[in-house]
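Visitor: Dumping the structure here so I can ask a few things about it.
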Amino acid sequence: VTCRAHSQNMASMVDGCLREVSRNGAATSFAKRTPASASNSRSSSRSLLLPHTTTAGRTAPTPPPHGMALLNLIDHLAFYGAYHADKWNVLVHTIFVPILVFTGLVFAATTGPLYRGELFVPPEWADTLILNLGFILALAYSIFYVLLEPIAGFSAGCFLMSFWGIATTLYSQYGSHAVQVAFGVHILAWVFQFIGHGVCEGRKPALMDNLFQSLVLAPLFVWLHVLFAFGYRPALQAELHDRVDAQLKELRSKSKKQQ
């Protein structure tokens, strides 16, 4: 009887231990699963905020919901590129945007000199190195371009500063005659710009939606397209191409809904 009682006590103790172990194991497995589920929940909610991934496995950037950052190069280029997706329109802009910039600097040369003190300019550079509105604009554009993209921005800034020097020299030597010629060429360049949008692109110019980007970013956009043709930053070119395609699809879908 005593042995039977001891055996029953041992059996009950073993059974209690097994139940305790099973409860602890269930709690441990639940604790292990909980962070994963929470992580999945966080990742699913975060995916609503981050750019989506395309089927090719690359991230397709999307513009920020409340406008673009001032120094975000790809946002600016994607917006401008959506209005310049046709190769013939891009060619028109590649030719005539520099002409518009140069003739605009001729107009700005009429504001100088803004500073009449001693600038220690050599006599042979007296007709070129004149502080006028064109210098301020060229310098501001150059600094902004360098902040957006250092290499392309610096090279574009060199062109802008050389344009300013040549435009200032022409105005210093020819006066109002240089302005008259620049005005005629300027108007002709704008005509070709609108023809490129109306005939080739088939949509309104970007300046109708964002004047700042059109007037400020057009020279850098054109210069980057020239650099892309020589193999400059292929990853940036591919990302820009994807962003422009996404924006064009969005614009087409909106136009279909409006129809």
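Visitor: Using bins 10 angstrom wide from zero, how does P(r) for the range 114-169 break down, in % of all Cα pairs?
Guide: 25, 45, 26, 4
Visitor: Can you pull a Stokes-Einstein diffusion coefficient for the range 100-205 at 25 °C (0.890 mPa s), Rh from Kirkwood over Cα pairs, as a whole number of µm²/s?
Guide: On the way: Rh = 15.1 Å.
Reported coefficient: 163 µm²/s.
Visitor: List, largest first, the extents of the alpha carbons of the range 176-217 along their principal axes, each in whole Å.
Guide: If we take the Cα atoms of the range 176-217, the spans are 36, 24, 13 Å.
Visitor: Which chymotrypsin sites (Phe, Trp or Tyr not before Pro) in the range 98-165 sit in a loop by DSSP (not H, G, I, E or B) and have at most 15 other Cβ atoms within 10 Å of their own Cβ? Can you show the working numbers first?
Guide: Numbers: sites: 102, 107, 115, 120, 125, 135, 141, 144, 145, 154, 159, 163, 164; in loops: 115, 120.
Counting only loop positions with at most 15 other Cβ atoms within 10 Å, the chymotrypsin sites (Phe, Trp or Tyr not before Pro) in the range 98-165 are 115, 120.
Visitor: List the chymotrypsin sites (Phe, Trp or Tyr not before Pro) in the range 193-248 that DSSP assigns to loop (not H, G, I, E or B) and whose Cβ has at most 10 other Cβ atoms within 10 Å. Which are they? Don't skip to the end; give the middle numbers.
Guide: Values: sites: 194, 212, 221, 223, 228, 230, 232; in loops: 230, 232.
Qualifying residues, ordered by number: 230.
Visitor: Where the centroid of each part is defined by its Cα atoms, how far is the range 150-209 from the range 89-142 in Å?
Guide: Each part's Cα centre sits 12 Å from the other's.
Read the figures in this text as sums done on the coordinates, not as results from a lab. This one's a predicted model, so the numbers in the text were calculated from it and none came from an experiment. Cβ sites come from the backbone with ideal geometry, for glycine too, and all protein chains shown count toward neighbours.
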